[in-house]
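J.: The structure follows.
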Amino acid sequence: MASLQDQLLKAGLADEKKAKAIRSEKRKQRKQQPKGAVQVNEAEIRARQAREEKAERDRQLNLQRQKEVEKKAIQAQIRQLVETNRLDRSRGETSYQFVDDKKIKKILVDDTMVDQLSRGRLAVVRLGENYDVVPEKVARKIIERDEGAVVVLHDRKQDDQGEDDPYAGYEIPDDLMW
């Protein structure tokens with residue numbers, strides 16, 4: 001098989017003078033290079049850079065996809081926690097108002113829920129467009145995953161005895177003078 005140069009000469013597309021000039025130029029380039037040095041091919045360098053840039057773009061894209069998958073998993077965990085631990089508000093007659101995104105929202109709860117919400121034993125959680133009431137422990141687990149999902153959770157007071165209050169049965173008279 002003849003080289004491309006020979007084929008071009010036979011076809012009459014190139015002349016002998018040009019072929020000799022090109023051969024001598026290649027020989028000069030080889031002589032000028034130090035021994036053991038590899039001839040630098042610009043096309044290879046550009047191809048290698050393009051591969052590295054593509055690998056970096058792919059890596060960034062994979063990181064972004066992984067973050068989205070983690071975010072969806074966290075949202076699914078929050079949804080499951082809320083759906084399994086929500087308290088029944090069907091008997092609610094008292095409106096409980098709270099602030100969410102600079103807007104005042106209102107949900108109906110019963111009187112014991114209002115008391116427990118104010119003491120920090122219950123919390124209001126946003127799940128999509130709906131609001132649910134969950135126990136404090138569940139709200140703390142939700143906060144670990146996403147702080148924005150818990151809308152209302154008051155801090156518990158140190159003197160709050162709650163259901164274990166030994167004086168719960170004793171009423172304070174209205175006319176008591178200190």
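J.: 5 Å is the cut-off here: which amide hydrogens, built 1.01 Å from N in the peptide plane, fall below it relative to Val151, excluding neighbours closer than 5 in sequence?
T.: Val124, Val125, Arg126
J.: Still on this structure, I have one more. Which far-off residues, 5 or more places away or on another chain, put their amide H under 5 Å from the one on Gly120, with H placed in the peptide plane?
T.: His154
J.: Who wins for biggest fluctuation among Ala14, Ala168, Ala76 in a Gaussian network model of the chain, springs between alpha carbons below 10 Å?
T.: Ala14
J.: Where nothing but the Cβ of Lys and Arg (+1) and of Asp and Glu (-1) is charged, how large is the charge dipole of the chain around its Cα centre, in debye to the nearest 20?
T.: 3400
J.: If exposed means no more than 14 neighbouring beta carbons inside 10 Å and the site is in a DSSP loop, what's the longest run of the chain without any exposed GluC sites (Glu not before Pro)?
T.: My reading of the result: 1-92 is the longest stretch.
J.: Let me ask something else about it. Counting other Cβ atoms within 10 Å, which trypsin sites (Lys or Arg not before Pro) in region 1-70 have at most 16 and lie in a DSSP loop?
T.: For trypsin sites (Lys or Arg not before Pro) across region 1-70 that sit outside H, G, I, E and B with at most 16 neighbouring Cβ atoms in 10 Å, the list reads Lys35.
J.: Report relative contact order for region 40-178 in percent, whole number only (criteria: Cα-Cα under 8 Å, sequence separation at least 6).
T.: It rounds to 18 percent for region 40-178.
J.: A follow-up question, please. May I ask you to work out the translational diffusion coefficient for the chain at 4 °C, viscosity 1.567 mPa s, via Stokes-Einstein with Rh from the Kirkwood sum over Cα pairs, reported in whole µm²/s?
T.: Calculated translational D: 54 µm²/s.
J.: Compare the Cα positions of Leu9, Leu108, Val82 along the charge dipole of the chain (+1 at Cβ of Lys, Arg; -1 at Cβ of Asp, Glu; about the Cα centre) and return the one farthest towards the positive end.
T.: Leu9
J.: Here is a follow-up. First compute the accessible area of the chain with a 1.4 Å probe, then give the percent of it belonging to carbon and sulfur atoms.
T.: Its accessible area is 49 percent carbon and sulfur atoms.
J.: Would you calculate a helix-derived [θ] at 222 nm for the chain, using -39,500 (n - 2.57) for each DSSP H run of n ≥ 4 and dividing by the full residue count, to the nearest 500?
T.: So the helix-based figure for the chain works out to -16500 deg cm²/dmol.
J.: Further question: Lys/Arg Cβ at +1, Asp/Glu Cβ at -1, dipole of the chain taken about the Cα centre: which of Gly169, Leu117, Val134 is farthest positive-ward?
T.: Val134
J.: Taking a ≥ b ≥ c as the square roots of the eigenvalues of the Cα gyration tensor of region 1-77, is the shape rounded (a/c under 1.5), prolate (a/b larger than b/c) or oblate?
T.: In terms of gyration-tensor shape, prolate.
The values are calculated or read from the model by the stated rules, or taken from the named source; none is laboratory data. Note that this is a predicted model, so its numbers are computed, not measured. Ideal geometry is used to build each Cβ from the backbone, glycine not excepted, and the neighbour counts take in all protein chains shown. Calculation scope for accessible area: heavy atoms of the full protein, side chains included, ligands and nucleic acids excluded. Shrake-Rupley method; radii C 1.70, N 1.55, O 1.52, S 1.80 Å.
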